[in-house]
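I have placed the structure first, in the form of structure tokens, so that the comments after it can refer back to it.
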Amino acid sequence: MSFLLDPPALVGIGVLLDRYVGSPVRRARLAAGVVIAFLTASTLLYLDVLPWWFTDEDGPEWMLNSGLDTEVTRQPGTDVLAVVMFAAYPLWMKLGLELCRD
């Protein structure tokens, strides 16, 4: 869960759902569930409610830097960026669902 890893993961999951889930209703429900799960976990990480347990970085550092040594820290400007990124999560899923359609 990070701003660098979440978009390609959501697109990839969308492609898999589109390819392997036949029922449009079931596909939509699964897609919504995945987006809600990503939004919940990522928001809680960004707000430092959940700890990031794989490295010694805190949640906001991990969400912003994805383990890279960029030294971006949480500030008002990055909070605005985070809101924009979170708002785009459903769009990433929709892109994945639409990517392989004829």
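Scanning the range 45-63 for residues that are more than 12 Å from the chain's Cα centre (by Cα) and among the aliphatic types (A, V, I, L, M) gives 47, 49, 50. In the range 1-25, the residues that are among the acidic types (Asp, Glu) reach residues that are assigned to a loop (DSSP other than H, G, I, E, B) with C-beta atoms within less than 9 angstrom, at least six apart or across chains, in these pairs: 18/100; 18/101.
Of the helices (runs of 4 or more DSSP H) contained entirely in the chain, those carrying at least 1 residues that are loosely packed, with under 12 Cβ neighbours inside 10 Å and not aliphatic (A, V, I, L, M) fall at 6-20, 24-46, 76-99.
Read the figures in this text as sums done on the coordinates, not as results from a lab. Remember, predicted model here, so these are calculated numbers, not experimental data. Counting neighbours? That spans all protein chains shown, and the Cβs are built from the backbone with ideal geometry, glycine included.
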